[in-house]
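Working notes, structure below.
Taken together, the values in this text are just the output of simple stated rules run on the coordinates, not laboratory data. Please read these numbers as outputs of a predicted model, since none were measured by experiment. Counting neighbours? That spans all protein chains shown, and the Cβs are built from the backbone with ideal geometry, glycine included.
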Amino acid sequence: MLLEREGLLESLGERLRDANEGKGSLVLVAGEAGAGKTSLVRAFVESLDEEILVIQGACDPLSTPRPLSPLRDFAADPNAGLSGLTEEDKPAIEIFGDVLDRLRNTIRPILLVVEDIHWADEGTLDFLRFIGRRIHDSKAVMLCTYRDDEVGPDHPMRPVLGQLIPLESTHRVVVPPLSLAAVTKLVSDHAFDPRELLRLTDGNAFFVTEILASGEGLPHTVQEAVLSRVARLDENPRRVVEGVSVAPRSLEIEHAAVVVGGSLEDIDAALSAGVLISDGHGLRFRHELARSAVEESLPPARRLSLNMRMLAILEEEHNPDLARLAHHAVQAGRSDLIVDYAPQAGDEAVRRGSRREAVAFYRAALDHADELGPDRTAELRVKLGVELRILDEPGAAETELRRAVDHYRQSGQVESLAVALGQLQGALWNLRRFDEGWLAMNEAINELRPRGPSEALGTTLYRMAHNHMLARHGQLAFTHIEEARRVADEIDSDEVDWLVLMMTGCIHIVLGDADQGIRLLQESVERAKTLDNPYFLAIGLGMLGSGGGEARRYEAGIPALERGVEQGLATDADYSVAYNRSWLARIAFEQGRWDDAVTFADLVDRTTLQREGIAYITAMSALGRVRVRRGDPGGLPLLEEMTELARDHELQHGWNAICGRAEYHWLAGDPETGLDELAPAYQRALDTDSEWARGEIGFWMWRSGAIETPPDGAAEPFALQMAGDWKGAADRWSEIGCPYETALALADGPENAKLEALAIFDSLGARPMGDRLRKVLRDLGVDGVPRGPTKKTLANPSGLTNRQLEVLRLIVDGLDNTEIARELYVSKKTVEHHISAIYSKLGVDSRTKAVNAALEVGAVER
Amino acid sequence: MWVADHLSYVLGSRRYRQERRDEMPRYMVEREFPKGLEIPTTPQGQKAMLGVVQNNLTEQVTWVQSFVTDDHTKTFCVYDGPSPEAIRRAAGLSDLPVNRISEISILDPYFYVGAGT
């Protein structure tokens, strides 16, 4: 009997009707354990027409969950049309894509049920996020149940809920406790006081029905209620119940007889007493609460022998389930079996993208190091260290990796030592302990070099080059990558070849040969596509985007960053999305597209969880610099905060914030204060081979009066201006496409150049420089200085951003989207994006109407 | 119930964000109207004012009050808002100029009365 759930059922039905019209949704059903979530779902499923296809899956209460457990359930359902979904070695993202395709290309509406997602492994959480973000345009409803009282602030599901719940296509419902009226109705012919029952159970539906079924006096706990009901069974059916209790989720009927030695009649007796239910293929408890109550009540010896029998059965299976084997091995305390199954289950979890579960399996095996032996222990520690690094626990990773390194040193296993040292260096880099990282790399290289070319040597040399590149030590990086190239020529490795190609491109940019660097990085992107390696593709695009950005080669950088964002969104690589957007913010700032810079920075701010990460620093530094140049409040504190966050990083991450502070203090007439941070940064810049670091930091040193001539190797436009060639600098800046810098250079020229600069500052909304220049011009006695910026340049009447105006002008000029994309060095998709924003701001729905509206309000001139 | 539940979550998360960032900062927004600002006390004037309020809502900024010079060429507007950028976006939507934004706090002369005795 399902009471007080009519409203919920009706809402669920409504969601399915919407789905039938192409408006899919995610429905989260929350409630405490025993609130009746599963009963609600079951009643809903039973009420549905034949026309609706129901596909069901669930997460397991195993001590370490099976990776992608619900997806395996989908694959096993012959009606679902998803057979082969979870085949061995299929990458998670492809599996998710297959399910999405299924949901999008269906004629019948689909109800996809995932139960108990509070137990989901990490891979399943990725799945929920992937589908949850995309389900809105499918003919499907994904219905997930979870225990909301078990999802605390540190629960791995919390960030996933945080991302999904605000979406318009997500609906969350809570299954409320039963009311007094409902309890009274249920009690009806029992001799209980409904008020007393409600007080004891807090209206928990499972608890209420369990007590009513036990038929005795009021017990104190739900466990007591469950156990008293089991105790009333005869011995043989009771043994069946106990046997099923060691199998989380369910026990296959054909196994039940073997495990518990019971007959089919005993199974029937347990079923008819209502303690167990059968779901078609297996026996299970009506509720997980009941299962764990029975399991915990088993005497230790009985529990052990039941788990041993489960192991024996599972081992016989054709394609044994590693996570289940590992679970029962741990429950049975058999270390010989744990060290066999847990590492395999860990490897499988890695393949499925369930890193937290992999860590748990590896740790379970490492608890039995004696049984593993020293070599396998070290091997597992390296694997564990790799996963811990990815999970952002570098300190724990360091501990594991150092122990592996010690073992390989003592046993003289050089290749393995080099691999472990390479990972250790990565962990130390995450911990910002660069010097110790270099020690690790030097040790690896000294061991590997005498043994001749190998993949380990090539990778280690690449790694050293990469670290020098990050510190902008271009020459040192070049020496190492050249040696790596010679190694790569001797061995046959696509990976090492690619890494060398990509890194050589980065190094050329650092060394000032941007043309060659960009060409090589573009080649690396193409080759990553040929190799069909999404990880390489993401790195290549990020390097081309940020390298092109740093060298102010926007025509190469922007399209790479936009593609990086698109690729990241398609694969839910959130970090990659944030990193590429942060560089789009920085470039928009440099190009004087400040509204766009703010938009990108806001996007990073709202979506990034790592508030100390590099993407966050880059984005917030751009926002801070926009505020400084506009004369808006809040710029300096933000830049000070970013300077602190970037303090232990390489110079590249802090230099924008530091230059922005110097600019602020210079504008405020107090350049001395800016030098506190600027002068040490300048020393660090001189220690690099980066012309743009030397150029920009040198420029603000010069502006602040701390140096008189440009440093060697400063980027051309900065060097020209510092040398007094304001005209040459302005021309270069204008070619590059940096209007604010162009105006800064013009402001150093004679009267007419200053007036030109003022017009640019006014059009950008750069009030502090505008005010400053006005005063200079008035002091010079120049006539006809505009009193202030005109309203039109401050906020154009249509509310369009500068970029949107640019697009609109090209539309008025008659260009099509492809031509506009080419003209602005952006993708066609981005142009379409801008155009739809323009339409909505102008309130039109066609190109012609947009042109007319734009001309009418004076947003553009023909 | 669906809608209410969804909203309470969104509002809940917003409350959290505000608590974390303390209170909304307060800003003084200076606007210049070289030809003078005229808001007629007619239905058109009322519509214009409501439009401003509506636009502010989309950016979560609140117009607290304004002072206008006698010649109507300049206004000083007190706003609460999440950031100076939100103030600028709201101004753009309402077609209002922004000449300067300053973050401000209250200085009350009577706070000092009696402080020296």
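Quick one, can you get me the convex hull of the C-alpha atoms of chain A expressed as volume per residue in Å³? Show your work: numbers first, answer last.
Details: hull volume 170.7 nm³, N = 862.
About 198 Å³ per residue, rounded to a whole number.
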Legend entry - In order through region B:57-65: 3J(HN,Hα) via Karplus (6.51 cos²θ - 1.76 cosθ + 1.60), integer Hz, x for Gly, Pro: 4, 5, 9, 6, 10, 10, 7, 7, 6
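How about region A:692-801: which trypsin sites (Lys or Arg not before Pro) there lie in a loop by DSSP and see at most 15 other Cβ atoms within 10 Å?
Values: sites: A:Arg694, A:Arg703, A:Lys727, A:Arg732, A:Lys754, A:Arg772, A:Arg774, A:Lys775, A:Arg778, A:Arg787, A:Lys791, A:Lys792; in loops: A:Arg787.
Passing sites in region A:692-801 are A:Arg787.
Just the number, please: percent antiparallel of the DSSP beta bridges in the protein assembly as shown, rounded to the nearest 5.
Details: 23 of 45 bridges.
If I count the DSSP bridges inside the protein assembly as shown, around 50 percent turn out antiparallel.
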Inset, instruction - Put one equal scatterer on each alpha carbon of region A:6-176, apply the Debye formula with no solvent term, and list log10 I(q)/I(0) at q = 0.15, 0.17, 0.19, 0.20 1/Å to two decimals. - result: -0.79, -1.05, -1.35, -1.52
Legend entry - Farthest toward positive dipole pole in chain A [+1 Lys/Arg, -1 Asp/Glu at C-beta], among A:Gly724, A:Leu603, A:Asn79: A:Gly724
Legend entry - Debye log10 I(q)/I(0) for region A:85-180, one point scatterer per Cα, at q = 0.16, 0.24 Å⁻¹: -0.74, -1.41
Legend entry - Relative contact order of chain A, pairs being alpha-carbon contacts under 8 Å that are 6 or more residues apart, as %: 6 percent
Inset, instruction - Could you list B:Ile87, A:Ile811, A:Ile253, A:Ile93 in order of exposure, starting from the residue whose Cβ has the fewest other Cβ atoms within 10 Å? - result: A:Ile253, A:Ile93, A:Ile811, B:Ile87
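Percent relative contact order of region B:23-105, based on C-alpha pairs within less than 8 angstrom and at least six residues apart? Walk me through the numbers on the way to the answer.
Details: 137 pairs, mean separation 40.2, N = 83.
48 percent.
Determine the shape class of region A:372-487: with a ≥ b ≥ c the square roots of the Cα gyration tensor eigenvalues, call it rounded for a/c under 1.5, and otherwise prolate if a/b is greater than b/c, oblate otherwise.
On the way: a/c = 2.37, a/b = 1.31, b/c = 1.80.
Verdict is oblate for region A:372-487.
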Inset, instruction - Inverting the mean 1/r over all pairs of different Cα atoms, compute the Kirkwood radius of region A:285-392 and quote it in Å. - result: 14.8 Å
Legend entry - Neighbouring partner chain Cβ atoms per residue of B:88-95, average, 10 Å criterion: 5
Inset, instruction - Evaluate the Debye formula for region B:23-105 with equal point scatterers sitting on the alpha carbons, no solvent, and hand back log10 of I(q)/I(0) at q = 0.18 Å⁻¹, in q order, two decimals. - result: -0.74
Inset, instruction - Using the Karplus curve 6.51 cos²θ - 1.76 cosθ + 1.60 with θ = phi - 60°, work out ³J(HN,Hα) for each residue of region A:139-146 in order, rounded to whole Hz, and write x for Gly and Pro. - result: 9, 9, 10, 9, 10, 10, 10, 7
Inset, instruction - Report, as an integer, the average count of C-beta atoms from other chains found within 10 Å of each Cβ along A:166-177. - result: 2
Legend entry - Packing-based exposure ordering (other Cβ within 10 Å, fewest first) of A:Arg42, B:Arg100: A:Arg42, B:Arg100
Inset, instruction - Please give the calculated 222 nm ellipticity per residue for the protein assembly as shown, where each DSSP H segment of at least 4 residues contributes -39500 (n - 2.57) and the sum is spread over every residue; nearest 500 deg cm²/dmol? - result: -20000 deg cm²/dmol
Legend entry - Crossing angle, helix A:614-630 versus chain A [Cα axis fit, 0-90 degrees, rounded to tens]: 40 degrees
Inset, instruction - Evaluate the relative contact order of region A:464-618 (contact order divided by residue number), counting alpha-carbon pairs under 8 angstrom at least 6 apart; express in whole percent. - result: 13 percent
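With a cap of 13 neighbouring Cβ atoms within 10 Å, and only residues DSSP puts in a loop, list the GluC sites (Glu not before Pro) found in region B:35-117.
Numbers: sites: B:Glu38, B:Glu59, B:Glu85, B:Glu103; in loops: B:Glu38, B:Glu59.
Qualifying residues, ordered by number: B:Glu38.
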Inset, instruction - Starting from the amide H of B:Ser66, placed 1.01 Å from N in the peptide plane, find each other amide H under 5 Å away whose residue is 5 or more places distant or on another chain. - result: B:Val78
Legend entry - For B:79-86, mean number of other protein chain Cβ atoms within 10 Å: 4
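How would you rank A:Ser690, A:Ser278, A:Ser546, going from fewest to most other Cβ atoms within 10 Å of each one's own Cβ?
Fewest-to-most ranking of A:Ser690, A:Ser278, A:Ser546: A:Ser278, A:Ser546, A:Ser690.
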Inset, instruction - Starting from region A:590-664, pick out the GluC sites (Glu not before Pro) whose DSSP state is loop and whose Cβ has at most 16 other Cβ atoms within 10 Å. - result: A:Glu612
Inset, instruction - Using +1 at the Cβ of each Lys and Arg and -1 at the Cβ of each Asp and Glu in chain A, identify which of A:Leu584, A:Leu391, A:Val359 lies farthest towards the dipole's positive end. - result: A:Leu584
